[in-house]
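Presented below is the structure to which this report refers.
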Amino acid sequence: MVVAASREAKAIGLDLGKPWFELRPHAQRLGVAAVSSNYELYGDMSRRVMEVLERFTHELDVYSIDEAFLTVDRRAATDAAAMTRLGREIKNTLRRLLGVPVCVWIAPNRTLAKLANRTAKKLPVFDGVCVWTATRPEWRQQLMEALPVSEVWGIASRLERRLLGYGVRSIWDLATAEPVQVRKWFNVVVMRTALELRGVAAIGPEEDRTGRKDQLIVSRSFSEKVTTRAGIRQALSVYAQRAASRLVRHGQVAKTLTTFAGTSHWTEQMHHPSATVRLPFPTADPVELTRAAHLLLPQIEEGIRYARAGIMLTDLMQAGAQLPLEPFRHRHEDAGISTLIDSVQKMAGRESLALGYAGLRPGPSWQMKRELLTPRATTHWSELTTVKA
Amino acid sequence: MLALHPQPISPEVVAVLLAAPTAVACGFPSPAQDYYDGPIDLTSMLVEDQAATFIVRAAGHSMTGAGISDGDELLVDRSKRPRHGDIIVAIIDGELTVKRLALTADGVVLRSENSEHPDIVVAELSDLQVWGVATYCLHHLR
């Protein structure tokens, strides 16, 4: 299935959600091939992108595998020309260092940044960099009048129907509605969203407004720098358990976990270790996730001042979709195998032995998936990219 | 006489030399203890920009003269600006290719370091797609 489409892909008619069996007969003519998701590579490239982004800000909030918010100094933010230069520099740097194309949206708050993202993305005139306050007010009004209120981040379709009842149809309607009235109709969150559309920063960074279903991140900057492996271990354990409970709440399991820590970019001793783990089986088990998260610990150096840590779960799927694996798992768990594996890994390295090899019988579908897997070129020594010499 | 018949270093001696001098037998503290910062970390020594550095593996014999053999690993730093004489990884006909960059009067030449392999002449500098600059070669000695 087409799970993501670049501009080039869309141009040849590869629409999101189109199943492979429909495309297959035309594959050769279109010059396309099917590959499995390579989450190890995505996770590692995402980590690299975030590490480069950290060079541009004092406060980076990794929002998902492919989105992050950077806080810009308030005084600098009023200089629209400087902001445009900053956006271009971020975009060009990521292109040059990592070959990753990104779009940069700079706005007074996250609601407007997301709005700019959704709209300006389709307008080639911006060329991937949009500074909200540098656009003409008339253009902004036209845009907000033309877009339905459901295009606003955090306004669900359920809410849209109720808003329509009050005559709020476009984004502009919500932005110009009387805030106190909006709070009476709905709640304080919708009121704050309305305020943000006017350019006020009203919603804190910690509030989850998305409900993205394909990935999950638990990451925080520490209030005080953590300098010990034990401290990082504790933070990762907490995050893993938090992630597990979020998965359970959504009825999901994860197949890939990325665990990372980082110093501030503004310290002398920079260190950004990370590890991406393909979990032995799709799981939401806090014990499994915690153990996987701890695979970062050998890379943690005592004495370095870590400013943040986190875990990211990708390759999410509905729980129960791979039921046949469960019996294997429980039998091994009951026999104390997981403890044994843990100690073997401690002695011989984490790739020496894993539950997946003990429990997974390569069925035909599993083999096919391996076949389509592209090299995990940045995380696996045996799968490095080759260059012609 | 001692100099003529040097004692081979026994494994125990090596172990002592490599281990952190934490245990001190007598009352006098080891003067080296305060200076021990942990073992050498190859990544931090060899990689300047960790986000922008990639490891790739050479396949082929065109660069043996530069010390790059078939199967050697290369550290490629994409943050470096390519200069004349650098070993670079370029994209040639859609393929990642390692060559030595030469900026000559006649234009850009991607030189092979093996007489059996031809150089590649790039008509315009703008046609050259440099993927990254190779900074180290991990040459396998056995």
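The values are calculated or read from the model by the stated rules, or taken from the named source; none is laboratory data. Remember, predicted model here, so these are calculated numbers, not experimental data. Positions of Cβ are backbone-derived with ideal geometry, glycine not excepted, and every protein chain shown enters the neighbour counts. These accessible areas exclude ligands, DNA and RNA; they are computed on the full protein's heavy atoms, side chains included. Shrake-Rupley method; radii C 1.70, N 1.55, O 1.52, S 1.80 Å.
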For this session: Tell me, yes or no, whether the range A:309-324 has at least one residue that is outside any strand (DSSP E or B), at pLDDT 85 or above and out of contact with any Lys or Arg (no Cβ under 7 Å at 6 or more places or on another chain).
Result: no
Problem set entry | Of residues in the range A:217-261 being open to solvent by 60 Å² or more (accessible area, probe 1.4 Å) and of a type in the set (D, E, K, R), the one nearest to the chain's Cα centre (by Cα) | A:220
Exercise. Can you name the condition, by its number, that residue A:63 falls short on among (1) within 21 Å of residue A:198 (Cα to Cα); (2) under 18 Å from the mean Cα position of the chain (by Cα); (3) not basic (Lys, Arg)?
Worked result: (1)
Exercise. Restricting the first residue to the range B:34-55 and requiring it to be on the phi > 0 side of the Ramachandran plot, which pairs with a second residue that is assigned to a loop (DSSP other than H, G, I, E, B) and among the charged types (D, E, K, R) meet a Cβ separation below 8 Å and a spacing of at least six or different chains?
Worked result: B:38/A:301
Exercise. Looking at (1) within 14 Å of another protein chain (Cβ to nearest Cβ); (2) farther than 30 Å from residue A:279 by Cα, which is the one condition that is false for residue A:97?
Worked result: (2)
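From the list A:72, A:49, which residue is under 21 Å from the mean Cα position of the chain (by Cα) and under 24 Å from residue A:378 (Cα atoms)?
A:49
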Exercise. Within the range A:1-51, can you find the residues that are without any contact (Cβ under 8 Å) to a residue 40 or more places away in the chain, of a type in the set (S, T, N, Q) and under 30 Å from residue A:296 (Cα atoms)?
Worked result: none
For this session: Report yes if some residue within the range A:83-102 is at pLDDT 90 or above, assigned to a loop (DSSP other than H, G, I, E, B) and surrounded by 17 or more Cβ atoms within 10 Å (Cβ to Cβ); otherwise report no.
Result: yes
Problem set entry | Matching residues in the range A:291-308 - criterion: being open to solvent by less than 20 Å² (accessible area, probe 1.4 Å) and either part of a loop (DSSP other than H, G, I, E, B) or without any contact (Cβ under 8 Å) to a residue 60 or more places away in the chain (or both) | A:292, A:293, A:300, A:304
Exercise. Somewhere in the range A:84-91, is a residue in contact with an Asp or Glu (Cβ under 7 Å, 6 or more places away or on another chain) and aliphatic (A, V, I, L, M)?
Worked result: no
Exercise. Just for the range B:106-139: of the residues that are open to solvent by less than 70 Å² (accessible area, probe 1.4 Å) and small (Gly, Ala, Ser), which one is modelled with the lowest pLDDT?
Worked result: B:107
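Per-residue answers, yes or no, for (1) loosely packed, with under 12 Cβ neighbours inside 10 Å; (2) closer than 27 Å to residue A:256 by Cα:
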site	(1), (2)
A:3	yes, yes
A:10	no, no
A:18	no, yes
A:23	no, no
A:28	yes, no
A:31	yes, no
A:35	yes, yes
A:41	no, yes
Problem set entry | Scope the range B:59-105; condition out of contact with any His (no Cβ under 8 Å at 6 or more places or on another chain), β-branched (Val, Ile, Thr) and either farther than 10 Å from residue B:132 by Cα or open to solvent by less than 30 Å² (accessible area, probe 1.4 Å) (or both); matching residues | B:64, B:76, B:87, B:88, B:89, B:92, B:97, B:98, B:104
Exercise. Which of the residues that make up the range B:32-58 are surrounded by 10 or more Cβ atoms within 10 Å (Cβ to Cβ), in contact with a helix residue (DSSP H, G or I) (Cβ under 9 Å, 6 or more places away or on another chain) and more than 8 Å from every other protein chain (Cβ to nearest Cβ)?
Worked result: B:53
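What residue, of B:89, B:76, is more than 13 Å from the chain's Cα centre (by Cα), at pLDDT 95 or above and facing chain A (nearest Cβ under 9 Å)?
The conditions single out B:89.
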For this session: Return the total of residues in the range A:158-176 being modelled with pLDDT of 90 or more and open to solvent by 60 Å² or more (accessible area, probe 1.4 Å).
Result: 3
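If you take just the strands (runs of 3 or more DSSP E) that sit entirely in the range A:214-290, which of them hold at least 2 residues that are of a type in the set (Gly, Ala, Ser) and in contact (Cβ under 8 Å) with a residue 60 or more places away in the chain?
Result: A:216-226, A:252-263.
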Problem set entry | Failed item in (1) open to solvent by 40 Å² or more (accessible area, probe 1.4 Å); (2) of a type outside the set (A, V, I, L, M); (3) touching a Leu at 6+ places or on another chain (Cβ under 6 Å), with residue A:48 passing the rest | (1)
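Residue by residue, here is whether (1) more than 23 Å from the chain's Cα centre (by Cα); (2) open to solvent by 50 Å² or more (accessible area, probe 1.4 Å); (3) assigned by TED's automatic domain parsing to the domain that holds residue A:68; (4) acidic (Asp, Glu) holds:
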{"site": "A:117", "(1), (2), (3), (4)": "no, no, yes, no"}
{"site": "A:124", "(1), (2), (3), (4)": "yes, yes, yes, no"}
{"site": "A:148", "(1), (2), (3), (4)": "yes, yes, yes, no"}
{"site": "A:156", "(1), (2), (3), (4)": "no, no, yes, no"}
{"site": "A:178", "(1), (2), (3), (4)": "yes, yes, yes, yes"}
{"site": "A:189", "(1), (2), (3), (4)": "yes, yes, yes, no"}
Problem set entry | Selection count where residues are of a type in the set (A, V, I, L, M) and farther than 29 Å from residue A:63 by Cα, scope the range A:150-167 | 1
